[in-house]
Amino acid sequence: MDREQEEMQFLGFFGVFKESSKIIYSWWKIFSQITLTLISPLSFIFLIHIEVSNVLFRKILYNSVEMNETQRGTPQYEKLSDMVSSEWITFWLFKFVYFFLLLIFSLLSTSAVVYTIASIYTAKDVTFKKVMSVVPKVWKRLMLTFLCTFAAFFAYNVMTLLVIILWALTIGTKNGGVAVFVLITILYVIGFVYLTLVWQLASVVTVLEDSYGIQAMMKSKELIKGKMVLSILIFLTLNVSFFLIRFLFKVVVVNAWTLGSVDRTLYGILCFYLLANFFLFGLVLQTVLYFVCKSYHHENIDKSALADHLQVYLGEYVPLKAKDLQLEQFQV
């Protein structure tokens, strides 16, 4: 990162993307190693989940139709019923394993990328071996932040469900009820996007500061103020890109029965490559956005203090404390 922190606050939408691209290009070797070790498995897990889920669900759907067309009480019906039950168990077990592996590799990838960029920022020598030695100790903190975020999302969805139930019991579709429902939907989407932005920035805060869980979320909430528009634009860009990659894989690879196996494999490799680069670029963007927000709030990060805390000291990762991150308020 060639820019001084005082200049980071002036980065706009394209500036953040340009800075992120410059970081990846300048340190392509270590980011390639991180991608190969952590982000590639994450991408593979996500794509194979789409393919396997599609196969399992199609099989369940086919056997369910067969069962409904078979007379109840017959041996054939009982056989199909047992088969469908077994397939549903397999389906949900697969989903559980998928979400577990996705979470683990997501947290490990976040730890590695954020730590690497922070090391680059302090101009300290950073190696892949050093990054991998720190990552296992950082991801536990990220797990606590994720659990707090998950609880917040769960509570938010429950509250929204209660509001919808109340709407259905009182107003319904009569007397402008549809307009009210549309308003509820819009407010829900706005709240969901806001929680997602807080969570993403809280992940970076968890790695770089002495805050995790609810504290990291509160810190993220304060940091994002003043840079909300920039954060939303980045969020929308990333999500549109993610949707396009997922759509391409599902249409061309999963549902493309007219294509040969070779063509499907090539398209699958292309989607895998795009998704791996997308995950890497998204994590770098989140970290750069963190520095932009810190600069905007005039919270100067002492590079020497950050470097000391990023080092592996006596075999343990020492997180940067909030007081070290805000040693002074610089004047613009």
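Each of ASN157 and ILE171 was given a label point 7 Å from its Cα along the Cα-to-Cβ line. The distance between the two points is 2.4 nm.
Binning the alpha carbon pair distances of the stretch 51-164 at 5 angstrom intervals from zero yields the distribution 2, 9, 12, 11, 10, 11, 12, 9, 8, 6, 4, 3, 2, 1, 0, expressed in whole percent.
How large is Rg over Rh for the stretch 124-205, taking Rg from the Cα atoms and Rh as the Kirkwood inverse mean of 1/r across Cα pairs? Using only Cα positions, Rg/Rh for the stretch 124-205 is 1.27. In whole percent, what relative contact order does the chain give with Cα contacts below 8 Å and a gap of six or more residues? 29 percent.
Working note: Cα gyration tensor of the stretch 46-104, eigenvalues times five, square-rooted, sorted largest first, giving semi-axes of 29, 11, 5 Å.
Which three semi-axes in whole Å describe the equivalent ellipsoid of the stretch 175-237, each the square root of 5 times a Cα gyration tensor eigenvalue, listed largest first? Walk me through the numbers on the way to the answer.
Working: eigenvalues 173, 32, 14 Å².
The equivalent ellipsoid of the stretch 175-237 has semi-axes of 29, 13, 8 Å.
Rolling a 1.4 angstrom probe over the protein heavy atoms with all chains in place gives the chain an accessible area of 54 Å² per residue.
Which value at 222 nm does the chain reach when only helices count, each DSSP H run of 4 or more adding -39,500 (n - 2.57), with the total divided by all residues and rounded to the nearest 500 deg cm²/dmol? Could the numbers behind the result be given before it?
Working: 12 runs with 255 residues, N = 332.
Using -39500 (n - 2.57) per qualifying helix, the result is -26500 deg cm²/dmol.
Annotation: lysines with alpha-carbon distance below 16 angstrom to LYS219 (same-chain offsets under eight excluded): LYS227, LYS294, LYS321, LYS323.
Which percent of the accessible heavy-atom area of the chain goes to carbon and sulfur, probe 1.4 angstrom? Walk me through the numbers on the way to the answer.
Details: 12430 of 18070 Å².
Answer for the chain is 69 percent, counting heavy atoms of protein chains only.
Quick one: longest stretch of the chain between exposed loop trypsin sites (Lys or Arg not before Pro), exposed meaning at most 14 other C-beta atoms within 10 Å and loop per DSSP? Result for the longest clean stretch: 73-173.
Karplus-based coupling profile of the stretch 73-89, in residue order and whole Hz: x, 7, x, 5, 5, 5, 5, 5, 4, 5, 5, 5, 4, 5, 5, 5, 4, with θ = phi - 60° in 6.51 cos²θ - 1.76 cosθ + 1.60 and x standing for Gly or Pro.
Overall, the chain carries a charge dipole of about 260 debye about its Cα centre when +1 sits on the Cβ of Lys and Arg and -1 on the Cβ of Asp and Glu, all other atoms neutral. Specify the inter-centroid distance of the stretch 153-213 and the stretch 71-86, based on alpha-carbon positions, in whole Å. Answer, in whole Å: 41. Between the listed residues SER211, ILE50, LEU147, the Cα displaced farthest toward the positive end of the dipole of the chain, a dipole computed from Cβ unit charges relative to the Cα centre, is found at ILE50. Look at [x] 22.8; [y] 33.8; [z] 16.6: the one that is mean projected area of the Cα convex hull in nm² derived from this structure is [x].
The values are calculated or read from the model by the stated rules, or taken from the named source; none is laboratory data. If you're wondering where the values come from, they're calculated on a predicted model, not measured in any experiment. Cβ: placed from backbone, ideal geometry, glycine included. Neighbour counts: every protein chain shown. We work out accessible area using only protein heavy atoms, side chains counted, and drop any ligands, DNA or RNA first. Shrake-Rupley method; radii C 1.70, N 1.55, O 1.52, S 1.80 Å.
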